[in-house]
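Below you'll find the structure, written out as structure tokens, and then a few comments.
The values are calculated or read from the model by the stated rules, or taken from the named source; none is laboratory data. In this text, all values refer to a predicted model and were calculated from it rather than measured experimentally. Because the Cβ atoms are built from the backbone with ideal geometry, glycine has one as well, and the counts that use them run over all protein chains shown.
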Amino acid sequence: MDGNGSSGDAPRRIEVDPSDVRVVMAQSYAYGAPPPMGGAPLPFLRRHRAKLALAVAIIELLVLGFGPGDFLHQWIGLLAIAVAAVFVYMLLRLRLPYALRQLLWMLAVAQSLVALFPIFLGVSVVIMGILLIFAVLAGLALLLGDRR
């Protein structure tokens, strides 16, 4: 039996009645479809939205890092803003025009990155601590193993 389900007999032929075929034009700007080719801002936003969101997140982190206030309260507020931004994006993404949808996506991603930054920082500090402990233990094993 081959990959087409045939048992090795004569090749099969498929015939299609043209009256049974319907062609549908999809109006979608999903990942599989190319962005609209209308004005210049639209393809630019689609191509560079991740970079722009990262830049906005870095600028916001710098402003918040040097700003006054309690870190815990700021982070809880940022977490609430990030959840709200993602919720608004998921709610309005099919109803908004293309350019506004891209801008709202950038806002949601930037807010999510800013809210998750302390978690990323904490995890990286723990990983670096574990690696440092293993390096010290390896150095100690090398020192104790030297019998000259």
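Kindly indicate whether Arg95 is at pLDDT below 85 and part of a loop (DSSP other than H, G, I, E, B).
Values: at pLDDT below 85: no; part of a loop (DSSP other than H, G, I, E, B): yes.
So Arg95 does not fit the description; no.
Under 6 Å between Cβ atoms, at least 6 apart or on separate chains: pull out the pairs that start in the range 52-73 with a residue that is over 15 Å from Pro118 (Cβ atoms) and in a helix (DSSP H, G or I) and end on any residue that is at pLDDT 80 or above and of a type in the set (A, V, I, L, M).
Leu52/Met106; Ala53/Met106; Ala53/Val109; Ala53/Ala110; Val56/Ala110
Restricting attention to the range 84-134, and to residues there that are touching a residue at least 24 places away in the same chain (Cβ under 8 Å) and of a type in the set (Val, Ile, Thr), which single residue is surrounded by the most Cβ atoms within 10 Å (Cβ to Cβ)?
Step by step, filter the range 84-134, then rank; the result is Val114.
Go through (1) within 18 Å of Gly122 (Cβ to Cβ); (2) modelled with pLDDT of 90 or more; (3) surrounded by fewer than 12 Cβ atoms within 10 Å (Cβ to Cβ) one by one and return the number of the condition Gly65 breaks.
(2)
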